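Notes follow once the structure below has been shown.
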Amino acid sequence: MIEVFSYTHLLNLQLDFLLWLQNIRIHHNELNQFLLWLTKFGEFYIPSLICLTIYWCISLIDGVYLFSLFYANVFFTQLIKMLACVYRPWILNDKIKPPAEAIRGAGGYSFPSGHSSKVASVFGGLAIIYKNKYLTTLVILLILSIMFSRMWLGVHTLQDVIIGFLIGIVLIFILKPFINWLEENKNRYFYIITIINILTVATVWYIRYKTYPMDYFDGHLIVNPNSSIYASLICLSYPLGLLNGVFLCRRFFPFNTDISIRKKVLRCILGILLLNFIFNIMNNYFWGISRNYLFTFCIMFLFGFTLTGIYPLIFTKIEKLYK
């Protein structure tokens, strides 16, 4: 009983802190808009854009590292979310009223924060790669700002963002030597991605069929687990496709990034157009719209694989013909 009371008390303190921030937030609309924009750095599009630009144009091996971080943080945060099943702050306390735009980007369960994990791992990975004090300072400020923005907007508690941050930081230091180990024998890429695919499919199967809390208020289900299951399926399948592309590309047709600036710019421009096209389809036809699970998983996987596997193969073939 003491442990339960202690955790409940701690959680209530965190919710009170969100209410205190909310009382400040209602008087600072410009800051709200800025933080709503800033928190997008923890979603899928901007990390994808940064990782893909490095992967296509700057360094294939650095791209492998960044996409490994991308996938790993999504995998662990989604798995923990679906195991813990912690409700969002506005469900735990109906006095908390996040902006509608923030709620649209905060589907599913709350713990841990996927935004915090993603920026800590992907942007922290950039700092590890380039080891520039100015970049490192910028990355630290960005990570802390996004962690704060999730609380300011009322969509995460302090425990959510701290654990998400720790997941991202731990992965940075675990995966760097792991990628170096894969590089010693590139056949390992194929074996590891096979294991990862099996593990992910098994995890998706478990998430799909495990039992979830079914709490009701006034005869209505507070949180429908089906929406969280569907969101997790999308969150896992897209980065899995990205990771398959980079691993198989590294194993079977490693392309060259030591090319002219003109070719790099062309690769990047065409790739961004492809990325925007894919995200338009994702946002308009999949996010927020429940569809067949298997169909969605396959399509989202294909979207990711197209960006890191099919598109590099196409521009590599074209550049060889042009040369």
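The values are calculated or read from the model by the stated rules, or taken from the named source; none is laboratory data. From a predicted model like this one, the values you see are computed outputs, not experimental measurements. Note: ideal-geometry Cβ built from the backbone for every residue, glycine included; neighbour counts use all protein chains shown. The protein model used for the area step is the full one, side chains on, heavy atoms only, and it has no ligands, DNA or RNA in it. Shrake-Rupley method; radii C 1.70, N 1.55, O 1.52, S 1.80 Å.
Points worth noting:
- Here the peptides 121-130, 270-279, 62-71, 102-111 are ranked by packing, the mean other Cβ count within 10 Å, and the order with the highest first is 62-71, 121-130, 102-111, 270-279.
- Listed residue pairs exceeding 24 Å between alpha carbons, taken from Lys131/Lys176; Lys263/Lys317; Lys40/Lys264; Lys81/Lys131; Lys118/Lys176: Lys40/Lys264; Lys81/Lys131
- Each of Tyr293, Ile234, Ser260 was scored by the projection of its Cα onto the charge dipole of region 217-323, and the greatest displacement toward the positive side belongs to Ser260; charges sit on the C-beta of Lys, Arg, Asp and Glu.
- Dipole magnitude (debye, nearest 20) for region 207-292, charges at Cβ of Lys, Arg, Asp, Glu: 620 debye
- Every Cα-Cα pair of region 87-165 was included, and the share exceeding 20 Å stands at 34 percent.
- A 1.4 Å probe run over region 71-185, with the rest of the protein chains in place, finds 41 Å² accessible per residue.
- Scoring 86-96, 232-242 by mean Cβ neighbours within 10 Å over their residues and listing the highest first yields 232-242, 86-96.
- Between Ile195 and Val170, residue separation times 0.36 nm minus the direct Cα-Cα distance comes to 6.9 nm.
- Take every Cα pair under 8 Å whose residues are at least 6 apart in sequence, average their separation, divide by the length of the chain, and the relative contact order is 23 percent.
- Rg(Cα)/(2.2 N^0.38 Å) for region 1-142, N = residue count: 1.22
- Alpha-carbon centroids, region 166-245 and region 283-318: separation in whole Å: 16 Å
- Pairs of alpha carbons in region 213-274 whose separation is greater than 18 Å (percent): 65 percent
- When shorter helices are ignored and each DSSP H run of at least 4 residues is given -39500 (n - 2.57), the per-residue value for the chain at 222 nm works out to -25000 deg cm²/dmol.
- Mean Cβ count within 10 Å, highest first, over the residues of peptides 112-120, 158-166: 112-120, 158-166
- For region 202-323, the relative contact order works out to 41 percent when only alpha carbon pairs closer than 8 Å and six or more residues apart are counted.
- When you restrict to C-alpha pairs under 8 Å that are six or more residues apart and normalise by the size of region 1-150, the relative contact order lands at 29 percent.
- R0 of 25 Å, Cβ-Cβ distance Leu135-Ile24: FRET efficiency to nearest 0.05: 0.20
- Rounded percent of accessible protein surface that carbon and sulfur make up, the chain, 1.4 Å probe: 69 percent
- Stretchable slack from Asn12 to Asn283, in nm (0.36 nm times residue separation minus alpha-carbon distance): 94.1 nm
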